[in-house]
Amino acid sequence: TAIVNAIANVLGPKGEKTADPAEAVATLVSGLAQGVRSARLAAAE
């Protein structure tokens, strides 16, 4: 659902791209990965 929402957020009302959908998804995935890394490091302490 989060990936679909990231793509939907870069589409205009008529379905035209207002930004790069691949970049939106990459940014989302990067943020998720960073959160997982942070949680793993905190658990290791």
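What trypsin sites (Lys or Arg not before Pro) in the chain are in a loop by DSSP, with at most 10 other Cβ atoms within 10 Å of the Cβ?
Values: sites: LYS14, LYS17, ARG37, ARG40; in loops: LYS14.
Here the trypsin sites (Lys or Arg not before Pro) that fit, given the DSSP loop and packing criteria, are LYS14.
Output wanted: per-residue J couplings in Hz (rounded whole) for the range 19-33, from phi through Karplus 6.51 cos²θ - 1.76 cosθ + 1.60, θ = phi - 60°, x for Gly and Pro.
Rounded to whole hertz, the list is 7, 7, x, 5, 5, 4, 5, 4, 5, 4, 5, 4, x, 5, 5.
Pop out the Kirkwood hydrodynamic radius of the chain from its pairwise C-alpha distances, inverse of mean 1/r, in Å to one decimal.
11.8
How large is the helix-only mean residue ellipticity at 222 nm for the chain, computed as the sum of -39500 (n - 2.57) over DSSP H runs with n ≥ 4, divided by its residue count, in deg cm²/dmol to the nearest 500? It would help to have the intermediate numbers written out before the result.
Numbers: 2 runs with 31 residues, N = 45.
The per-residue figure over the chain is -22500 deg cm²/dmol.
Relative contact order (percent) for the chain, with alpha-carbon contacts under 8 angstrom and 6 or more residues of separation? Walk me through the numbers on the way to the answer.
Values: 20 pairs, mean separation 13.6, N = 45.
Dividing the mean separation by the residue count of the chain yields 30 percent.
Given a Förster radius of 22 Å and the C-beta distance between ALA42 and ALA2 as r, what FRET efficiency does 1/(1 + (r/R0)^6) yield to the nearest 0.05? List each step's numbers first, then the result.
Working: r = 22 Å, r/R0 = 1.01.
E(calc), rounded to 0.05, equals 0.50.
Would you kindly derive the ³J(HN,Hα) couplings of the range 2-16 from the backbone phi angles with the Karplus curve 6.51 cos²θ - 1.76 cosθ + 1.60 (θ = phi - 60°), listing them in order in whole Hz, with x for Gly and Pro?
5, 5, 4, 5, 4, 5, 4, 5, 9, 10, x, x, 9, x, 7
Return the long-range amide H neighbours of LEU11 (sequence gap of 5 or more, or a different chain), with a cut-off of under 5 Å between placed amide H atoms.
Result for LEU11 returns THR18.
Every read-out reported here was derived from the displayed coordinates using simple, explicitly stated rules and does not represent laboratory data. A quick note: this is a predicted structure, and the numbers were derived from the prediction, not measured. Cβ sites come from the backbone with ideal geometry, for glycine too, and all protein chains shown count toward neighbours.
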